[in-house]
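The block underneath contains the structure these notes are about, expressed in structure tokens.
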Amino acid sequence: MRDADSKLLALLKANAREPTASLARKLGLARSTVQERIARLERERVIKGYTVRLSEEADARRLQAIVMITADPKQAERVAAELKRMPEVRSLAAVSGAHDMVATVEADTPAKMDASLDRIGRAHGVARTLSSIILSEKFSR
């Protein structure tokens, strides 16, 4: 990937709604060049989509947890498929170390978070979980 593409992606990560003309000024490129680069990055599936980032006030009303998951190695694909069907599981990653996977979970209330964590723990193939509730986010990129 070109250095200009990396810089463009960093700007889009910071603010995906930034006008193309503003991006072009920051990169020292023509607006049409920036538009072409964005279109190419989308075609090449480097950019998979755009998202909404909530304000701190709106985000503070949601509970988030990190769940470390130890799974039966023969059931890992099944665990991943089952967790993917749970809308409260926002992401799932395979990791190295003492645990096999790490999930990010969101819920509106403590009761819903408790129920979600219980569902994850009961998923077929999950041997153990270790959950940590996120108290505050120091920064996000």
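The values are calculated or read from the model by the stated rules, or taken from the named source; none is laboratory data. Source: prediction; values computed, not measured. For neighbour counting, all protein chains shown are included, and Cβ atoms are generated from backbone atoms with ideal geometry for every residue, glycine included.
What to note about this one:
- In the range 107-132, residue farthest from residue 69 (Cα to Cα) [restricted to those that are in a strand (DSSP E or B) and at pLDDT 95 or above]: 132
- Test result for residue 90, out of contact with any Asp or Glu (no Cβ under 9 Å at 6 or more places or on another chain), outside the structural domain of residue 13 (by TED's automatic domain parsing) and of a type in the set (Lys, Arg): no
- Those helices (runs of 4 or more DSSP H) of the range 1-100 in which 3 or more residues are surrounded by 14 or more Cβ atoms within 10 Å (Cβ to Cβ) occupy 3-14, 20-27, 31-43, 76-84.
- Boolean, residue 126 is under 16 Å from the mean Cα position of the chain (by Cα) and either surrounded by 13 or more Cβ atoms within 10 Å (Cβ to Cβ) or assigned by TED's automatic domain parsing to the domain that holds residue 14 (or both): no
- Test for residue 100: is it charged (D, E, K, R) and modelled with pLDDT of 95 or more: yes
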